[in-house]
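Have a look at the structure below, then the notes.
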Amino acid sequence: MMRPYTPKDNVQKKAYYTDRFWVAPRIPEEPVPEGSDYAEDVAAVKKACKVLNAYIQRGQLVIYVNSEDNVTALKALKEERGYDMLSELSAVDFLAERGGFEVFYQLLNLNAARRLRVKCFVEENHAVESVNPLYRSADWAEREMWDLMGVKVNNHPYLKRLIMPDDWEGHPLRKTYPLEGDEFAQWYEVDKIFGKEARDIIGPENRDPGRIDRYDTERFARLGHEVPRGAPAEMVDKAEETPISYQEEEGVFLIQKLSAENSKVLDKRR
Amino acid sequence: MAQHQVNYTQSGGLPVALTTVDKILNWGRSNSLWALTYGLACCAIEMMASGASRYDFDRFGTIFRASPRQADLMIVAGTLTKKHAEFIRRLYDQMTEPKWVISMGSCANTGGMFNTYATVQGVDRVIPVDLYLPGCAPRPETLQYAVMLLQQKIRRESANKSQKPKRLV
Amino acid sequence: MQQTNKLRPFFENLEFEREDNHMVINFGPQHPSAHGQLRLILELDGEQIVRAVPDIGYLHRGMEKMAENMIYNEFLPTTDRMDYIAATSNNYGFALAVERLLGIEDKVPRRAKVIRTMLLEINRIISHLFWLATHALDVGAMSVFLYCFREREFAMDLMEDYCGARLTHSAVRIGGVPLDLPDGWLGALAKFVNELPSNIKDYEDLLTENRIWRMRLEGVGVIDADLARSWGCTGPILRATGIEYDIRKEEPYELYDELEFDIPVTNTGDSYGRYKLYMEEMRQSARILQQLIAMYDETEPELMAHVPQYISAPKEDIMTQNYSLMQHFVLVTQGMRPPVGEVYVPTESPKGELGFYINSQGEPYPYRLKVRAPSFWHCGILQDILPGSYIADVVTIIGNTNIVFGEIDR
């Protein structure tokens, strides 16, 4: 029997059934209306660098620029058009289809309450220039982007992993990275704390949170039929009944027993 | 030499209680379970709520301590991630014997809904656990009941029995 | 019995690193006042902080990766665990983003909008009360902690009566809300809202003119307008710098354009100013809730948007009509397929601007989902505001920025 081939370049979950004639509709990309504020934004970017595409999608302007022009475009928008807050910066992985990442910069003009998104395409193994001198918020966002997506950033003051541990391998948000982690990820804490030789003792991760092994006396004790920790499996079925009670029947040494008659129930707020 | 003026057989009885060492030790241990505040995520909020005014954990003799050296109960409340796993082990090692661990919430029990690369699939991969407390997040009443169950468990134990080597290395 | 493992004991908390008497202190990642799993590495000159390096990621659970492997409705309960103090605001932010992606935002029935806005404001009160409680506890006012938790429990009871959960609500669905309000709920809400202002006044009496409170908060953690803008700070931190920007007012969603409320602003930029903003915001939330109670009765009893392509029909239809049942089956097993495109939708969560960026490629699974969590930036700014302050102020500043690690690390 042969194992069916599964593509490794995109391990994202797929729909198990798609109609043969299904064509996904698209959100309309409207042209930027003449004379609007957004048109002036586009003009300001055009003056500074080349604009590949500009459209309005769901009420927000999207401007595509070349990846080497990202700082120029943001600088024009910040200084001429008042986009003084970088509210989000990240990347989208298109390695499998187009061999690169789409980096987006989500900007906000606080005075006019206007938002736009500057996007650029970065090929794999290419780097974007840091926008940290323009916006301090890019500091952490770019570190996170490097950490999770593996998009390199040039001239960043402190480009180091932010979210994952320093000794982590791989960039988890890439489409090639499985959701449950590779082997390194799955054994990370065991290797680090107990060493690789303890892998056999601790065993692989249980990825099914619903699974309970009643003969696993190390971790589970059947309520009402308790066995000592680590007892052999055959003892489980022969376990004597151990009654469980809310409080011990005979009472506890020096502790008053709760009785329902002597307690008061507060049923509403004073 | 002063004479005893109190007639113990009549007024309130003798100031003597007969018990076993086991019982008195376990009584002390079970009714002053000082918990290490190991709040990691959402469950920590419920842990705080159970310590606060409505649920009032102090009634059980459980007060939260910030230092592992003063605590004998570790309530692991929340998701343990791979990056954090090292530190939970360090703090567990710093607690003095006897020590108990309550794993509070699904994330701590099994990784819960976070079946991902970054989450430890159950704290029992790193430290031994005495009580698993289900729920996401468990209500404060559940945590109180867990502490009561743990108290019962402690009372059943022999006070000076040698600690069994636990499963982890 | 100490068990052996690979972790070598080392005295990591203190390190005298340099000859010039600078001390390096490690704070966290498990510190009771760090509000989660924040690790700060502080370089001290005497008691003054010279350099601070926050280290996050100790609660990174891979939510964005999970979102890529889940259908849209499946992901909604996961958003609860982001800002777990005000879970509904996350649910709502995600639901609104998906609704805008689908283009069904204005099809949400009015009653659902009223209920959603109510839940959002109750969550704001819960979150602010929690903030006040923990912040006061950190600074040393234990009784305020107990009072606030008492008050918070009443709000939690309201949430529990509505959706059944205390903390992780999932009370909002894509396209509406799952349930109508239970009987007597509005009365309980009215009672809570009427009593809230007097209780807030109690807390203010305890704190506002309290000498210790003022000494520990005034002039501590000053963030000026430029720094706040540059760091992308939003919410009370931005409004404490004198910039009047609240997404509820500027880019209104739900019913906020019909409601009357004020946005408190101050220009002190310090912790004390932010404390006053939080107190005032709670009062404004109570005011909003009072208006919403009156609005509820005028609405039709419809709760979910009617868009059969994306959203299951009401339960009566599913049980009686064959086609609705089939649609429901497909939507549950395969999930809805939004159009190709991308949206970024900001909402005003109690902590600031909570935005969801969704990139859809027409599949039932989002191609990329990025959460713009306010706390992420409010935590990043620590490395710029901590230097120069004293080590005793660290806890005040961390508590005052109101960061939650569920949403920083996601």
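The values are calculated or read from the model by the stated rules, or taken from the named source; none is laboratory data. Nothing here was measured: the structure is a model prediction, and the numbers come from that model. Every residue, glycine as well, gets a Cβ built from its backbone with ideal geometry; the counts of neighbours run over all protein chains shown.
Anything in the stretch A:27-40 that is touching a Lys or Arg at 6+ places or on another chain (Cβ under 8 Å) and part of a loop (DSSP other than H, G, I, E, B)? List them, or say none.
Selection gives A:Ile27 alone.
Filter the stretch C:358-379 for residues that are more than 17 Å from the chain's Cα centre (by Cα) and in contact (Cβ under 8 Å) with a residue 60 or more places away in the chain and give the result.
Correct list: C:Ile358, C:Ser360, C:Pro364, C:Tyr365, C:Pro366, C:Tyr367, C:Arg368, C:Leu369.
Just checking, how many residues over the stretch A:123-140 are under 21 Å from the mean Cα position of the chain (by Cα), in contact (Cβ under 8 Å) with a residue 40 or more places away in the chain and more than 8 Å from chain C (Cβ to nearest Cβ)?
Summing the residues that are under 21 Å from the mean Cα position of the chain (by Cα), in contact (Cβ under 8 Å) with a residue 40 or more places away in the chain and more than 8 Å from chain C (Cβ to nearest Cβ) in the stretch A:123-140 gives 1.
Restricting the search to the stretch C:23-61, which residues are touching a strand residue (DSSP E or B) at 6+ places or on another chain (Cβ under 8 Å), without any contact (Cβ under 8 Å) to a residue 60 or more places away in the chain and within 11 Å of chain B (Cβ to nearest Cβ)?
C:Asn26, C:Gly28, C:Pro29, C:Gln30, C:Pro32, C:Arg39, C:Asp55 - these are the residues of the stretch C:23-61 that are touching a strand residue (DSSP E or B) at 6+ places or on another chain (Cβ under 8 Å), without any contact (Cβ under 8 Å) to a residue 60 or more places away in the chain and within 11 Å of chain B (Cβ to nearest Cβ).
If C:Pro364 passes every condition in (1) part of a helix (DSSP H, G or I); (2) within 7 Å of another protein chain (Cβ to nearest Cβ) but one, which one does it miss?
(1)
Is there a residue being in contact (Cβ under 8 Å) with a residue 40 or more places away in the chain, hydroxyl-bearing (Ser, Thr, Tyr), surrounded by 21 or more Cβ atoms within 10 Å (Cβ to Cβ) and farther than 14 Å from A:Leu134 by Cα anywhere in the stretch A:81-90?
Yes, that holds for at least one residue.
Any residue at all in the stretch C:244-258 that is of a type in the set (Val, Ile, Thr) and over 30 Å from C:Ile358 (Cα atoms)?
no
Among (1) within 13 Å of another protein chain (Cβ to nearest Cβ); (2) touching a Ser or Thr at 6+ places or on another chain (Cβ under 6 Å); (3) not small (Gly, Ala, Ser), which single condition is C:Glu348 missing?
(2)
Tell me which residues, restricted to the stretch B:114-145, are more than 25 Å from A:Gln12 (Cα to Cα), surrounded by 18 or more Cβ atoms within 10 Å (Cβ to Cβ) and within 7 Å of another protein chain (Cβ to nearest Cβ).
B:Asp124, B:Arg125, B:Val126, B:Cys136, B:Ala137
For the stretch B:19-30, check the following and say yes or no: at least one residue is assigned to a loop (DSSP other than H, G, I, E, B) and facing chain A (nearest Cβ under 9 Å).
Checked against the condition, which is being assigned to a loop (DSSP other than H, G, I, E, B) and facing chain A (nearest Cβ under 9 Å), the stretch B:19-30 yields at least one hit.
Take B:Gly111 and decide whether it is under 21 Å from the mean Cα position of the chain (by Cα), surrounded by 23 or more Cβ atoms within 10 Å (Cβ to Cβ) and within 7 Å of another protein chain (Cβ to nearest Cβ).
yes
Quick check: anything in the stretch C:197-204 over 24 Å from the mean Cα position of the chain (by Cα) and more than 30 Å from C:Arg100 (Cα to Cα)?
Within the stretch C:197-204, one or more residues are over 24 Å from the mean Cα position of the chain (by Cα) and more than 30 Å from C:Arg100 (Cα to Cα).
Take the conditions more than 12 Å from chain B (Cβ to nearest Cβ), more than 17 Å from the chain's Cα centre (by Cα) and hydroxyl-bearing (Ser, Thr, Tyr) and apply them to A:Tyr188. Does it pass?
Judged against the criteria, A:Tyr188 is not a match.
Determine which member of the set A:Ala24, A:Ala15, A:Ala43, A:Ala73 is buried (at least 17 other Cβ atoms within 10 Å of the Cβ) and either at negative phi or part of a loop (DSSP other than H, G, I, E, B) (or both).
One residue alone meets the criteria, A:Ala73.
Against the definition (modelled with pLDDT of 85 or more and facing another protein chain (nearest Cβ under 8 Å)), how does B:Arg69 come out, yes or no?
In short, no.
With respect to the numbered conditions (1) surrounded by fewer than 22 Cβ atoms within 10 Å (Cβ to Cβ); (2) of a type outside the set (A, V, I, L, M, F, W, C); (3) in contact with a Ser or Thr (Cβ under 8 Å, 6 or more places away or on another chain); (4) at pLDDT 90 or above, which one is the sole condition not fulfilled by A:Arg117?
Failing condition for A:Arg117: (3).
Yes or no: the stretch C:342-357 includes at least one residue that is surrounded by fewer than 22 Cβ atoms within 10 Å (Cβ to Cβ) and touching a Pro at 6+ places or on another chain (Cβ under 9 Å).
no
Looking for something under 22 Å from C:Cys233 (Cα atoms), modelled with pLDDT of 90 or more and within 11 Å of chain C (Cβ to nearest Cβ) - is there at least one such residue anywhere in the stretch A:91-104?
Yes; the residues of the stretch A:91-104 include at least one that is under 22 Å from C:Cys233 (Cα atoms), modelled with pLDDT of 90 or more and within 11 Å of chain C (Cβ to nearest Cβ).
If you go through the stretch C:367-378, how many residues are more than 8 Å from chain A (Cβ to nearest Cβ) and either not hydrophobic (A, V, I, L, M, F, W, C) or not in a loop (DSSP other than H, G, I, E, B) (or both)?
Count: 5.
If I go through the stretch C:164-200 residue by residue, how many of them are in a helix (DSSP H, G or I) and within 14 Å of chain B (Cβ to nearest Cβ)?
1
Name the residue, out of C:Met304, C:Met295, that is out of contact with any His (no Cβ under 8 Å at 6 or more places or on another chain), aliphatic (A, V, I, L, M), in contact (Cβ under 8 Å) with a residue 60 or more places away in the chain and farther than 30 Å from C:Glu363 by Cβ.
C:Met295
For the structure I just gave you, tell me whether C:Ala133 is within 12 Å of another protein chain (Cβ to nearest Cβ) and either in contact (Cβ under 8 Å) with a residue 24 or more places away in the chain or closer than 30 Å to C:Ala286 by Cβ (or both).
yes
Go through the stretch C:259-338 and tell me which helices (runs of 4 or more DSSP H), entirely inside it, have 3 or more residues that are of a type in the set (Lys, Arg), over 26 Å from C:Glu74 (Cβ atoms) and out of contact with any Gly (no Cβ under 8 Å at 6 or more places or on another chain).
Result: C:271-296.
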